[in-house]
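Derivation of every value follows stated rules applied to the coordinates shown; laboratory data play no part. Nothing here was measured: the structure is a model prediction, and the numbers come from that model. All Cβ positions, glycine included, derive from the backbone under ideal geometry; neighbour counts span all protein chains shown.
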Amino acid sequence: MPTERLSMRRIREVLRLRHQGLTERVIARTLGVSNGVVHGYVRRARLAGLTWPLPEDLDDESLELLLFPAPTAASQSDRRPSPDWAYVEKELRRRRVAPDYHVEIDGHWYSTPYRLIRELVDVRIADKTVEVFHKGQRIASHARAPNRRGHTTIADHMPSAHRRYGKWTPGGLIAAGEKIGPSTAAFFQVVIEARPHPEQGFRTCLGILSLARSYDHARVDAACRRAILIKARSVASIRSILKSGLDRAFLDETSDHQPLRHGNIRGQGYFH
């Protein structure tokens, strides 16, 4: 039960913001009310079968009757405990699908059908499940993973033959890395090889390409060389090397020094 009664206009605002994916805590802070008040109205709307947007012909009086129905004799005599709504409540978040057709939730990456790359999706998070919706239709369901920095991938979500999505291929990314420098290309190969599926390394490679717009190519290539040496595999590691200047020691090496190579790298030609 809500501890205070809101105006119908503010109740509509609660339902609108909840539909947009805001958590009850954020809605409460935005409207200046308690979490319990927001939770109470969200629960009442769910019990009444209301969804957003509300019907155009639903006036305030009708909405109030739906949210606060008059008690009946049967309901008064029925004293069964109500469900633990705080437990069953699910959190909705909006995400944009990454170039590797995954969305990030709490540091873990969950797959979606690859055709949705760069599309906005809604992710409903429960205690044990993660469900992904696109334009109101559920397009993926995963068991919620306890670990961070991992991937949960459904094979049917992957592009045919793992060759293309958008304009990128593994070989194309490695070629783009070579334009920055040989160590960058070698780093891209290491990252792609380290993933169960090559596309799962694309996000890291694209992040390095973005860094090359802010830093000199020679520095980025030197940072990649250092990353290979210390077995770093993330954009954050490369960014940290550049910010701290740890790449500069490698800038003094002779230009004919060959980049470090990984023993299992098969070369960009393998990926075409």
Problem set entry | If the convex hull is drawn through the Cα atoms of region 90-158, its volume per residue in Å³ | 76
For this session: Beta carbons within 10 angstrom, averaged per residue: use that to sort the peptides 30-36, 188-194, 238-244, highest first.
Result: 188-194, 238-244, 30-36
Exercise. Going by how many other beta carbons lie within 10 Å of each one, how would you line up 61, 13, 24, fewest first?
Worked result: 61, 13, 24
Seminar exercise, completed: Label model pair residue 143, residue 35: point-to-point distance (7 angstrom along the Cα→beta-carbon line) in nm is 2.9
Problem set entry | Proxy reagent accessibility, fewest Cβ within 10 Å first, across 215, 114, 101, 41 | 215, 114, 41, 101
Exercise. Going by how many other beta carbons lie within 10 Å of each one, how would you line up 187, 68, fewest first?
Worked result: 68, 187
Exercise. Once the piece of chain linking residue 243 and residue 127 is laid out straight, how much longer is it, given 0.36 nm per residue of separation minus the C-alpha distance between them?
Worked result: 37.9 nm
Exercise. Computed over the Cα atoms of region 8-70, what is the ratio Rg over Rh, Rh following Kirkwood?
Worked result: 0.94
